[in-house]
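Everything below concerns the one structure shown next.
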């Protein structure tokens with residue numbers, strides 16, 4: 001839908017349906033939370049909140065292939081589903097001819113798994129852990145420790161820590177009453193609860209000390225990534241940059 005107001009009759013003609021269908025579908029979208037509203041007046045009509053519209057995106061086949069390769073590295077991490085969603089959205093925004101070109105190039109690129117790679121955590125556990133950290137929901141898990149002892153825990157999630165294919169959930173364990181790291185490949189069951197975890201002053205140095213130096217993700221300002229769109233940028237100005245902790 002254009003950011004300019006469009007009447008139900010204009011939309012009906014554009015999509016070859018009747019105006020009643022347009023009004024019904026827009027009402028359904030509004031109920032689902034899509035920010036569509038009607039502007040009154042002779043030049044009024046339905047519009048989408050500008051904060052939820054996108055400028056034209058021109059993705060080249062090389063950029064699409066590079067993105068696919070980068071996202072492939074997220075297999076076995078809590079972000080694999082989001083990575084696949086991003087790739088699908090990217091391809092949907094491209095011209096059909098460019099998609100075919102990207103697909104032809106991708107078929108000539110092969111990524112070998114590193115020797116001795118350990119199996120990661122179950123996919124559903126990764127997905128639930130990511131959701132818990134994003135939503136700050138208290139997590140209910142069935143966990144098996146390094147000695148093989150099973151237990152049930154309620155965990156207030158704080159952070160995710162990745163170390164190769166091993167991913168850890170860092171949080172406050174209510175069973176132990178202390179900070180704990182949980183290897184996600186040792187989690188047998190996981191589910192978020194309706195409870196939102198309280199804010200706790202957990203010292204990141206305590207759990208970072210037991211692992212190699214961590215890379216913290218950072219995002220530039222909105223002006224920065226708008227300015228650098230559609231042009232070659234250095235590693236220092238990429239959309240996500242690694243900042244190595246000391």
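Numbers at a glance
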quantity: Simple spin-label estimate for residue 154 and residue 135 in nanometres, 7 Å along Cα-Cβ; calculated: 1.7
quantity: Least to most buried among 156, 100 (fewest other Cβ within 10 Å first); calculated: 100, 156
quantity: Cα shape, segment 64-112, gyration tensor, a/c 1.5 rule; calculated: oblate
quantity: Semi-axes of the equivalent ellipsoid for segment 123-212, Cα gyration tensor, largest first, Å; calculated: 17, 16, 13
quantity: Least to most buried among 193, 67, 149 (fewest other Cβ within 10 Å first); calculated: 149, 193, 67
quantity: C-alpha center-to-center spacing [segment 60-92, segment 94-170] in angstrom; calculated: 14
quantity: Value of D in µm² per second that Stokes-Einstein yields for segment 12-100, Kirkwood Rh from Cα pairs, at 37 °C (0.692 mPa s); calculated: 201
quantity: Sequence of 99, 17, 170 once ranked by neighbouring C-beta atoms within 10 Å, starting from the fewest; calculated: 17, 99, 170
quantity: Percent of Cα-Cα distances greater than 12 Å, calculated over segment 8-52; calculated: 63
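Rule-based calculations on the coordinates, nothing more; no lab input. Treat the numbers as computed from the prediction; the structure is a model and nothing was measured. Here Cβ is always computed from backbone atoms with ideal geometry, including for glycine, and neighbour counts include all displayed protein chains.
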